[in-house]
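To start, the structure under review is shown below, and the notes come after it.
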Amino acid sequence: MTFKVAYIVSRFPHLPETFIMREMNELAAQGCSVELFPLVLQEQALVHRDASHWLEKLHEIRPFSWKSISANMTMFFRRPGCYCATFFQMLWFNLPSLKFLIRALFIFPIAVEMAVEMQALEIDHIHAHYATHPALAAWIISRFTGIPYSISVHAHDIFVNRTMLKQKIDDAVFIRAISQFNKTFLVNRYGPQIEQKINVIHCGIYPDRYTRRQKPASPEFHIINIGTLQPYKGQSRLVEACALLKERSFPFHCLIVGGGELQAALAEQINGSGLNGYVELTGPKTEDDVALLLAGADCFVLPSVVTSSGKMEGIPVVLMEALAGEIPVIASDISGIPELVRDQVSGFLAPAGDAAAIAENIIWVQAHPDKAAKMAVNGRKLVETEFNIKINTMELANLFIQFQYKKKVTAGEK
């Protein structure tokens, strides 16, 4: 019988979250039946090619629709004690954060309708990507249905606002951490008793989709950065590094690929630094476009920083993509990044926010192409073995099935 897993995500489609889409696709390819439940269905001008079929089959839950109201009334009259207890416990656990409390009130009726749908679909397991609102929905659904749930923890969902995080972790059958850094962070915060519950399974890519192509000879050194334009991504530090390169008459061209809140500020910084023609903001691109742009790069730079709120990277998938294409990588020495970019082995690590160090590393890569290429080859090998979507998704699927089996055995014993 086909194993059925429900994926809960914050929003869909969401251009930066290719890793979730790939994971669902690979689970389906490995024989699982995957049902997608986004909390928010959003419209985007750019949609990845692989997202199209998910748009056709996802479960759209409209809050406060007649269907949602009916599902909540049915659940209330069928299980009034569970309904009230779950609702008030949710409120109590989210009281420390007004932001989370308001969103919890929005999520609760959605989760109740999801619970009704998941029971009808005979879902075996629920997996929530992110420990914030998707995990809250999974917690609520599991309370009503008894369907076990797990959580993938990434970055901001555990580093910034940890409202109700302990309760979600305690009630999950397992936690999937995308880095050893995340696992250590959670164990240090919540104690060694949760260590066995946390499994480190990296996100992954299909390495064969990224091949190193022969670039035509060019007098310019081509630098690329890909990511949403947000403060923790640190693109302003890359612009500062580019200004230092220009001062030293280093021949380069830099592409910053992505969209976001800092677009106007970065454009102003580029103009104010006299870097028009040297640094280009391309806007957001699809997965296919990103692969083509990476193939033309001499060096990939990820200048991430930790913001004052604690917001920082997990292990950015774009680093895996760059290394799969055997592109020399320079990245910040923060969070889980050193698990992929091993300094002077698979790339270079620079202190977060250090524009001068970024510039020096770029110059070194250009001056030592053979040594830089060898590091990039090492990086691809690492991606193939530890960040391979097929291998890592199989490990995750085995955990889903393992905990479903344990649930059946326990139920049989009762």
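The values are calculated or read from the model by the stated rules, or taken from the named source; none is laboratory data. Quantities reported herein were computed from a predicted structural model and do not represent experimental measurements. So basically every Cβ, Gly included, is an ideal-geometry build from the backbone, and we count neighbours across all protein chains shown.
Working only within region 140-158, note down all residues that are over 20 Å from Gln193 (Cα atoms) and among the hydrophobic types (A, V, I, L, M, F, W, C). The answer is Ile140, Ile141, Phe144, Ile147, Ala155.
Is it the case, given these coordinates, that Ile178 is crowded, with 23+ Cβ neighbours inside 10 Å and either among the hydroxyl-bearing types (Ser, Thr, Tyr) or not assigned by TED's automatic domain parsing to the domain that holds His154 (or both)? Judged against the criteria, Ile178 is not a match.
Can you list the helices (runs of 4 or more DSSP H) lying wholly within region 1-113 that have 1 or more residues being basic (Lys, Arg) and in contact (Cβ under 8 Å) with a residue 40 or more places away in the chain? Let's see the steps before the verdict.
Values: elements: 18-29, 52-57, 66-78, 80-94.
Passing ranges, in order: 18-29, 66-78.
Restricting the search to strands (runs of 3 or more DSSP E) fully inside region 185-281 and requiring at least 2 residues that are within 21 Å of the chain's Cα centre (by Cα) and touching a residue at least 60 places away in the same chain (Cβ under 8 Å) gives 221-226. Within the option set Ser65, Ser33, Ser52, being at pLDDT 95 or above and among the polar types (S, T, N, Q) holds for one residue only, Ser33. Thr211 fulfils the conditions (1) assigned by TED's automatic domain parsing to the domain that holds Phe106; (2) among the β-branched types (Val, Ile, Thr); (3) farther than 20 Å from Ile401 by Cβ except for a single criterion, (1). Scanning region 320-339 for residues that are surrounded by 24 or more Cβ atoms within 10 Å (Cβ to Cβ) and of a type in the set (A, V, I, L, M, F, W, C) yields Met320, Ala322, Leu323, Ala324, Ile327, Val329, Ile330, Ala331, Ile337.
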